[in-house]
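Student: Questions regarding the structure given below will be posed in turn.
The values are calculated or read from the model by the stated rules, or taken from the named source; none is laboratory data. Everything quoted here is computed from the prediction, not taken from an experiment. Heads up, the Cβs are rebuilt from the backbone with ideal geometry, glycines too, and the neighbour counts pull from every protein chain shown. Accessible surface areas use protein heavy atoms only, side chains included; no ligands, DNA or RNA. Shrake-Rupley method; radii C 1.70, N 1.55, O 1.52, S 1.80 Å.
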Amino acid sequence: MGDGESRPLVAGRLRDGQWHGVDTVAAVLLALAFGASGTRSGGWGAGAVAAVVWLPVAVRRRRPVGVLYTVLAGAVLALAFTGWEESWIPVGVALYTVAAREPRRRSATALGCSLGAVAAAMALVPRPVPASGVAGDVVFASVMMTLPWLVGTALREQRSYAELAARQALTNERLRIARELHDVVAHHLTVIAVRAEVARAVAAADPQEAERTLALVGTAGRTALTEMRRMLGVLRSPGDGAELGSAPGLADLPALANGAGPRVELSVDPDPPLPPGVELAVYRIVQEALTNVVRHAGSADCRVNLSRTDPGAVEIEVVNDAPARPPSRTPSRRPGGGHGLVGMRERAAMCGGTLSAGPLATGGFRVHARLPCGSEAAR
């Protein structure tokens with residue numbers, strides 16, 4: 001959508017100071033118009049009162065409550081001493097501003113005071129009008145003051161909901177970025193740290209193994225830099241399509257398995273293709289599962305299997321064997337523990353799927369996820 005289509009023609013172009021100027025001009029013009037009308041019908045006194053009642057509207061945005069009660073007092077005096085029945089009109093304008101800018105309780109109090117004051121003034125001031133006519137005037141004035149108040153209330157609630165939605169969108173975006181950072185940084189730094197320790201340990205006894213391990217370290221570092229640059233590009237680019245267009249998917253799984261460190265047996269059912277959002281979730285779940293294997297099981301063999309049990313879902317299974325020996329400084333493994341499993345469950349939930357993880361009786365560990373891959377999963 002272009003700039004001219006996304007921004008209102010007038011409201012989006014005027015600043016606060018310019019709106020105050022618009023209010024001032026409008027208040028002066030209305031004061032002159034109603035003053036002239038009051039002068040013709042009731043003399044100079046009525047005209048002066050009609051004009052004075054409108055003038056506070058010029059600062060209605062700066063002091064909405066004060067302007068309302070000032071206009072209300074002037075309107076009651078106008079009804080009492082001049083019989084100017086249109087005094088509820090500036091009260092309605094002030095009520096709209098209060099309803100649009102003030103909290104609900106203060107706005108409701110202002111409406112009640114205004115209705116009571118104008119109704120009392122119209123009913124109690126002696127006028128050559130039958131009781132039925134006075135009642136009709138009171139009802140009409142009440143309706144014409146309540147309608148602007150309702151419009152202002154609707155505008156305030158709409159603005160409040162829009163701000164809440166914007167804050168929620170910002171929170172969701174922060175969570176998405178945090179999740180991406182965790183998946184990218186945690187995986188590659190874990191591989192780098194563990195492989196570097198292995199290379200240091202075997203450097204003297206097996207130089208070739210050390211060289212191969214250092215090559216894995218270099219590959220992991222370069223891949224991490226590439227993904228970090230991709231994320232920075234996504235953050236700098238407007239729109240939602242940038243992430244899905246450049247995010248890793250099923251085609252990147254072989255490189256991920258080869259660079260993980262342990263021996264990974266990868267099996268992928270490629271047909272039919274998955275939506276881009278599901279592909280990213282599958283890649284991140286497998287990536288985090290392999291990170292946990294490197295962190296908790298060292299060089300234990302691992303099997304990754306992606307299968308299409310039915311056309312509407314994809315199943316992910318990552319199973320690692322028991323480690324030959326427990327890695328040093330490894331935290332105890334508990335089902336459901338750690339941020340990695342939380343992140344994988346969040347990834348699955350975002351696609352409407354489920355994920356389970358836990359130790360096997362043989363001493364290994366299994367991660368299983370089922371993700372729907374219909375049209376609703378890509379949204």
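Student: Pairs, please: C-beta under 8 Å, at least 6 apart or cross-chain, first residue at pLDDT 85 or above and among the hydroxyl-bearing types (Ser, Thr, Tyr) and in region 154-167, second open to solvent by less than 100 Å² (accessible area, probe 1.4 Å) and part of a helix (DSSP H, G or I)?
Tutor: Listed pairs, sorted by first residue: none to list.
Student: In addition: Do we find a residue being assigned to a strand (DSSP E or B), among the small types (Gly, Ala, Ser) and modelled with pLDDT of 75 or more anywhere in region 290-303?
Tutor: Looking through region 290-303, none of the residues is assigned to a strand (DSSP E or B), among the small types (Gly, Ala, Ser) and modelled with pLDDT of 75 or more.
Student: For region 1-21, give me the residue count where each residue is open to solvent by less than 70 Å² (accessible area, probe 1.4 Å) and either at pLDDT 65 or above or touching a Lys or Arg at 6+ places or on another chain (Cβ under 8 Å) (or both).
Tutor: Number of matching residues: 5.
Student: Pull up region 304-321, narrow it to residues that are of a type in the set (A, V, I, L, M) and out of contact with any helix residue (DSSP H, G or I) (no Cβ under 8 Å at 6 or more places or on another chain), then point me to the one that is modelled with the highest pLDDT.
Tutor: Taking the candidates together, the pick is 319.
Student: Moving on to the next point. Residue pairs, Cβ under 8 Å, 6 or more apart or interchain, first in region 1-28 and closer than 17 Å to residue 61 by Cα and hydrophobic (A, V, I, L, M, F, W, C), second at pLDDT below 80 and open to solvent by less than 60 Å² (accessible area, probe 1.4 Å). List them.
Tutor: Listed by first residue and then by second, the contacts come to 22/14.
Student: Select from region 199-257 the residues that are open to solvent by 40 Å² or more (accessible area, probe 1.4 Å), modelled with pLDDT under 80 and under 17 Å from residue 290 (Cα atoms) and list them in ascending order.
Tutor: Hits for region 199-257 are 219, 223.
Student: If you don't mind, another one. Do you know which of the residues in region 258-267 that are surrounded by fewer than 19 Cβ atoms within 10 Å (Cβ to Cβ) and modelled with pLDDT of 85 or more is farthest from the chain's Cα centre (by Cα)?
Tutor: 265
Student: Looking only at region 151-175, count every residue that is within 30 Å of residue 118 (Cβ to Cβ) and either hydroxyl-bearing (Ser, Thr, Tyr) or surrounded by fewer than 14 Cβ atoms within 10 Å (Cβ to Cβ) (or both) and tell me the total.
Tutor: Number of matching residues: 6.
Student: Considering only residues that are out of contact with any Ser or Thr (no Cβ under 8 Å at 6 or more places or on another chain) and modelled with pLDDT under 90, look in region 140-150 and name the one that is surrounded by the most Cβ atoms within 10 Å (Cβ to Cβ).
Tutor: Going through the qualifying residues, I end up with 141.
Student: Would you pick out the residues in region 48-82 that are more than 20 Å from residue 103 (Cβ to Cβ) and of a type in the set (Gly, Ala, Ser)?
Tutor: Selection gives 48, 50, 51, 58, 73, 74, 75, 78, 80.
Student: Just to verify a result, which residue in region 270-321, among those that are of a type in the set (Asp, Glu) and free of Cβ contacts under 8 Å to residues at least 40 places away in the same chain, is surrounded by the most Cβ atoms within 10 Å (Cβ to Cβ)?
Tutor: Here the answer is 279.
Student: Can you tell me which condition residue 53 does not meet? The list is (1) over 21 Å from residue 120 (Cβ atoms); (2) at pLDDT 80 or above; (3) not polar (S, T, N, Q), and all the others hold.
Tutor: Condition (1) is where residue 53 drops out.
Student: Return the only residue of 24, 39, 70 being at pLDDT below 80 and among the β-branched types (Val, Ile, Thr).
Tutor: 39
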